[in-house]
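Here's the structure we're looking at; comments come further down.
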Amino acid sequence: MSESNESGADSLLQLNGVSIFYDRIQAAWDVTFSVREGSVTALLGSNGAGKSAIMKAITGILPVGKGTIMLEGLDMESISPHRRVELGISLVPEGRKVFPELSVQENLELGAYCSRARRTLKATLKEILEIFPVLAERRRQMAGSLSGGEQQMLAIGRGLMARPRLLMLDEPSLGLAPVMVQRVFEVIERIRAQGVTILLVEQNVRHTLRVAEMAYILETGRVTLQGSGEELLNNPHVKKAYLGL
């Protein structure tokens with residue numbers, strides 16, 4: 001385990017020395033990490049650690065003050081957020097943010113707004129409804145009438161409708177009952193098994209480290225620890241600070 005990270009040849013996403021600002025407030029300092037294609041990579045840390053800011057910078061919603069974000073060797077600096085979706089980046093935001101007055105199916109179809117995804121909309125919709133049978137049962141129901149867990153499944157399904165190469169999940173288990181938390185992590189493993197690369201931001205450290213091949217601990221905007229999920233599960237600092245052991 002180390003505090004530096006080198007890009008591998010199989011990295012889909014690479015951040016090099018990235019600093020991020022909300023106006024004049026700095027949210028991340030000199031962040032460097034990579035996401036290997038086909039893996040689950042986790043960003044862990046407490047509230048305010050800079051995790052969501054990093055996700056927003058990868059999507060292009062927040063500008064990068066310093067450093068580079070590379071998608072398979074392509075510098076993202078001048079690439080607009082909608083173009084990043086076309087290139088295969090999809091974000092499932094914290095808090096689900098479904099459209100409550102639209103049906104389940106309409107929410108899913110909105111996820112396929114980019115031209116690459118529209119070409120396979122019907123086939124993708126069928127796949128998503130097979131992954132989430134509850135959404136198939138409620139496809140005509142208004143999204144706002146779903147339970148919190150069902151809305152989270154809808155948000156993940158909508159993210160998958162873009163046919164992403166990189167699916168970013170921001171706190172997908174937040175506020176859910178334990179049985180739904182377990183279901184979310186089962187879905188994450190199923191998605192990964194289908195070849196989708198996942199970048200996961202989570203406060204449920206124990207569950208996350210069990211599914212993540214690689215994880216990075218963020219504290220006050222800086223990467224302070226990195227290692228495999230198994231390594232960090234056994235790390236004394238992680239046990240004390242995040243697992244209560």
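Largest GNM mean-square fluctuation across P81, P178, P93, computed for the chain with C-alpha springs under 10 Å, falls on P178. About its Cα centre, the dipole of the chain is roughly 600 debye, where the only charges are +1 on Lys and Arg Cβ and -1 on Asp and Glu Cβ. For the Cα trace of the stretch 97-202, dividing Rg by the Kirkwood Rh returns an Rg/Rh value of 0.93.
Could you list the trypsin sites (Lys or Arg not before Pro) in the stretch 23-59 that lie in coil according to DSSP, counting only those with at most 12 other Cβ atoms within 10 Å of their Cβ? List each step's numbers first, then the result.
Values: sites: R24, R36, K51, K56; in loops: R24.
The qualifying sites are R24.
Across the stretch 105-144, counting alpha-carbon atoms alone, Rg and Dmax equal 10.2, 28 Å. Spin-label model, A123 to A177: label points 7 Å out along the Cα-to-beta-carbon direction sit 3.8 nm apart. Extending 7 Å from Cα along the Cβ direction at D23 and again at R190 yields two label points whose distance is 4.3 nm. For the chain, the longest principal axis of the alpha carbon atoms and the long axis of helix 178-193 meet at an angle near 80°.
If I build a Gaussian network model for the chain, linking alpha-carbon pairs within less than 10 angstrom, which residue out of L44, L174, L200 has the largest mean-square fluctuation? Checking each option, the largest mean-square fluctuation is seen for L174.
Which of F185, F21 has the fewest other C-beta atoms within 10 Å, and how do the rest follow up to the most? Don't skip to the end; give the middle numbers.
Working: F185 20, F21 16.
Fewest-to-most ranking of F185, F21: F21, F185.
Loop-located GluC sites (Glu not before Pro) in the stretch 162-245 (DSSP state other than H, G, I, E, B) with a sparse environment of at most 14 neighbouring Cβ atoms within 10 Å are absent.
Taking GluC sites (Glu not before Pro) across the stretch 99-147, the ones in a DSSP loop with at most 15 further Cβ atoms lying within 10 angstrom of their Cβ are E101.
Taking 1 over the mean of 1/r across every pair of different Cα atoms in the stretch 72-120, what Kirkwood radius in Å do you get?
That comes to 12.6 Å for the stretch 72-120.
Put simply, the amide H of S103, placed in the peptide plane, has neighbours under 5 Å in A143, leaving out anything fewer than 5 places away on its chain.
Under 5 Å between amide H atoms, partner at least 5 residues away or on a different chain: which partners does R36 have, H built in plane at 1.01 Å? Correct list: L12. Computed over the Cα atoms of the stretch 23-164, pair by distinct pair, the Kirkwood hydrodynamic radius stands at 16.5 angstrom. Between T197, T224, T59, the residue with the greatest mean-square fluctuation in the GNM of the chain (Cα pairs under 10 Å linked by springs) is T224. Sort Y113, Y22, Y216, Y242 by Cβ crowding within 10 Å, fewest neighbours at the top. If I rank by nearby Cβ atoms, fewest first, I get Y22, Y113, Y242, Y216.
Across all directions, the average projected area of the convex hull around the alpha carbons of the stretch 55-136 is 6.6 nm².
Using θ = phi - 60° in the Karplus curve 6.51 cos²θ - 1.76 cosθ + 1.60, the 3J(HN,Hα) couplings for the stretch 116-126 round to 5, 6, 4, 5, 10, 4, 5, 5, 5, 4, 4 Hz; x is entered for Gly and Pro. Taking the centroid of alpha carbons for each part, the stretch 196-240 and the stretch 5-79 are 16 Å apart.
Rg then Dmax, both in Å and based on the Cα atoms of the stretch 140-211: 12.1, 36. With both labels modelled 7 Å from their Cα along Cα-to-Cβ, the K97 to M142 distance reads 2.2 nm. A value for semi-axes √(5λ) of the Cα gyration tensor in Å was derived from the coordinates, and within the list [x] 28, 21, 16; [y] 24, 20, 17; [z] 32, 20, 16 it appears as [x]. Placing a label point 7 Å from the Cα of E230 along the Cα-to-Cβ direction, the residues of the stretch 197-222 whose backbone N falls under 16 Å of that point are 209-215.
Specify whether the C-alpha gyration tensor of the stretch 1-93 places it in the rounded, prolate or oblate class, a ≥ b ≥ c being the square roots of the eigenvalues: rounded for a/c under 1.5, otherwise prolate if a/b is larger than b/c and oblate if not.
Details: a/c = 1.42, a/b = 1.06, b/c = 1.33.
Note, shape of the stretch 1-93 comes out rounded.
The numbers here are math on the coordinates, done by the rules we state, and not lab data. Because the structure is predicted, anything quoted here is derived from the model rather than measured. With ideal geometry, Cβ positions are generated from the backbone for all residues, glycine too; neighbour counts draw on all protein chains shown.
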